[in-house]
1. Considering S56, S41, which residue is surrounded by 14 or more Cβ atoms within 10 Å (Cβ to Cβ) and closer than 13 Å to K103 by Cα?
2. Listed residues E124, E96; which is of a type in the set (D, E, K, R), surrounded by 12 or more Cβ atoms within 10 Å (Cβ to Cβ) and in the same structural domain as D24 (by TED's automatic domain parsing)?
3. Inspect the stretch 228-242 for any residue being under 15 Å from V310 (Cβ atoms), of a type in the set (A, V, I, L, M, F, W, C) and modelled with pLDDT of 90 or more and give the result as yes or no.
4. Checking the condition surrounded by 15 or more Cβ atoms within 10 Å (Cβ to Cβ), over 23 Å from G31 (Cβ atoms) and among the charged types (D, E, K, R), which residue from K136, K103, K79 passes?
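The values are calculated or read from the model by the stated rules, or taken from the named source; none is laboratory data. The structure displayed is predicted, hence computed values, not measured ones. So basically every Cβ, Gly included, is an ideal-geometry build from the backbone, and we count neighbours across all protein chains shown.
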Amino acid sequence: MKHLKTMGLLLFAATAFTACKNADYKTTSSGLKYKIYEGGSKDSTKVGDVLKMNQSLRLVGSKDTLLGQTYGEMPFFTKVQDLKPMPGQPIYAPDEIYKFLKKGDSAVVVMFVDSLLKKGVAQEAQLPAFFKKGDKILFTFKVLEVFKSDSLAQMDYQKEGEAYQKREEAKQKAIVDAFEKAGGKDKQIKDMEAYLKKKNITAVKSPLGTFVKVDNPGTGAQVTDGKYVTLKYSGKTVEGDKAFDANTMTAQVGSGGAIPGFEDGLKQFKEGGKGVVYIPGFLAYTQGVPPGAPFKAYDALYFEVEITHVGDAPPQQQAPMVLPQEAPKADTAKAGGKK
């Protein structure tokens, strides 16, 4: 229910911001647009106080995407600072309004992608590919508490962290129990075999359980643990063939940063190889599914891959992109995101 209320606030704010032509929004000195819905508290917030909040982040414009949110998860703690512009360090961030917030307040902050680029806060190459000029980044905040000392904030942070950990453990247990009840690994392998047969796809099953369609095995160095591999890839769900990511990256195989089925599939190729890696759900994301991804834990995925380099070190002038230990808080899920 909280999540539904949050989404309603986000969508209402986005619609109102456009319809009213910003008339009911205030503007900071940096050009940040914001609106505060007061919760009735008479206490004031000072620099140095710590805010405990729920927040949500959404991209609105060319693509309406929930980028991340803490509602129902771990609250967000942040210290109120006296922000002052400095040479080469422009201010254009939600932090600007924290000093105006009190316990119980809600707020909406609107940032413009165009302004981020114009002010030099971000470079276009640093932004996710689905961020477009003309888009708005919409933040919502709900202030749960205002702490007047770091020690009180730290105690509450620890308490919230322990509660969050228990919730996550219970959630993961429920997912695993449902997976086992649904037939577990054997059923997922059979389901993948049925999918490949239906699609008339010839793929070889590895001992681990990954299925690989080899269009070109490659003629260069073999992909093995410890090797740096540069590849082009595109990922899709087996259910509905929904695309969720496409990119080029360099990663060290066997570093433990990738979902098991992805690394296992790469090992079936040499440099120059090309094909498709089909991954049953138990070898894909079993936890840490990115918000907004078109799949859930234990869903089967597949990746079209093309191996362009295999070596003992990353290519010159290109740092290795070690795949993240946790899936990113964004609309897309990187191929190497650990399960």
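1. Numbers: S56 fails: closer than 13 Å to K103 by Cα.
Testing whether each residue is surrounded by 14 or more Cβ atoms within 10 Å (Cβ to Cβ) and closer than 13 Å to K103 by Cα leaves just S41.
2. Details: E124 fails: surrounded by 12 or more Cβ atoms within 10 Å (Cβ to Cβ).
On inspection, the qualifying residue turns out to be E96.
3. To start, the set of residues in the stretch 228-242 that are under 15 Å from V310 (Cβ atoms) comprises 228-233.
Restricting the remaining residues to those that are of a type in the set (A, V, I, L, M, F, W, C) gives 229, 231.
Restricting the remaining residues to those that are modelled with pLDDT of 90 or more gives 229, 231.
Scanning the stretch 228-242, I find at least one residue that is under 15 Å from V310 (Cβ atoms), of a type in the set (A, V, I, L, M, F, W, C) and modelled with pLDDT of 90 or more, so the answer is yes.
4. Numbers: K136 fails: over 23 Å from G31 (Cβ atoms); K79 fails: surrounded by 15 or more Cβ atoms within 10 Å (Cβ to Cβ).
Checking each option against the conditions leaves just K103.
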